[in-house]
Amino acid sequence: MFNIFDYDFNYSWFVSYGFAIPLAVGIVLAAAATWRRWRPWVTIVSGAIIVWSAAALFVANIVWGLNKPMTMPTERFLQSGSGRVLDAGAGSGRASVGVLLARPQATVTALDIYNGYYGIDDNTPARFMKNAQIAGAADRAEARVGDVRQMPFSDGSFDAVVSSYMIDHLPRSDRDKAFHE
């Protein structure tokens, strides 16, 4: 449940673990303040830094699960348990892997431009496929390079679509086009 090291979604270190820096600083400062008997406010501020940064690490990695597959958007999603799913703007595959794990008869096609930086270092189709392999579902996954504003698929090619954290990377003027696709 708490293992955040199985997958390689490769969010930038500062996004996933950046709060470890103020946590370490707070611990060192609190230890020094206690050992050297500095004024109590230094220990109190250090403690506040420790609590704040530990809470931020917990929220990012456990509550939000940045380094774990996403859960299904709803239990009704692809209720039959099988079908073809498109992950529009898949990135390294958090949503796709979540679908592959929750719906073991489904196949997922990941579509992403795999170009540019959107919080994921070295975002590539190979990284997506590696995460599908870690989930034991690489045989039911496919990564395609393409743009959600001009998808390379025929109408009706998929039974369901997931997309997470992609639409906010498009200019407002292109969002309607992506939704229509």
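For this structure, a couple of remarks:
- Filter pass, Asp155 being open to solvent by 40 Å² or more (accessible area, probe 1.4 Å), assigned to a loop (DSSP other than H, G, I, E, B) and under 27 Å from Asp6 (Cα atoms): no
- Unique residue being open to solvent by 50 Å² or more (accessible area, probe 1.4 Å), in contact with a helix residue (DSSP H, G or I) (Cβ under 6 Å, 6 or more places away or on another chain) and among the aromatic types (Phe, Trp, Tyr) when the list is Phe14, Phe58, Phe19: Phe19
- For the stretch 161-181, the set of residues classified as open to solvent by less than 60 Å² (accessible area, probe 1.4 Å), assigned to a helix (DSSP H, G or I) and touching a residue at least 40 places away in the same chain (Cβ under 8 Å) consists of Ile167, Ala178, listed by residue number.
Each row is one residue, and each column tells you yes or no for (1) at pLDDT below 80; (2) within 15 Å of the chain's Cα centre (by Cα).
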{"site": "Lys130", "(1), (2)": "no, yes"}
{"site": "Asp139", "(1), (2)": "no, no"}
{"site": "Arg144", "(1), (2)": "no, no"}
{"site": "Asp147", "(1), (2)": "no, no"}
{"site": "Asp155", "(1), (2)": "no, no"}
{"site": "Phe158", "(1), (2)": "no, no"}
{"site": "His169", "(1), (2)": "yes, yes"}
{"site": "Ser173", "(1), (2)": "no, no"}
{"site": "Glu181", "(1), (2)": "yes, no"}
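- Residues of the stretch 67-79 satisfying the condition of being touching a residue at least 60 places away in the same chain (Cβ under 8 Å), surrounded by fewer than 18 Cβ atoms within 10 Å (Cβ to Cβ) and either touching a Lys or Arg at 6+ places or on another chain (Cβ under 9 Å) or within 14 Å of Tyr7 (Cβ to Cβ) (or both): Phe77
The values are calculated or read from the model by the stated rules, or taken from the named source; none is laboratory data. Predicted model, so just to flag it, every value in this text is computed and none were measured. So basically every Cβ, Gly included, is an ideal-geometry build from the backbone, and we count neighbours across all protein chains shown. Ligands, DNA and RNA are excluded from the accessible area calculation, which covers all protein heavy atoms including side chains. Shrake-Rupley method; radii C 1.70, N 1.55, O 1.52, S 1.80 Å.
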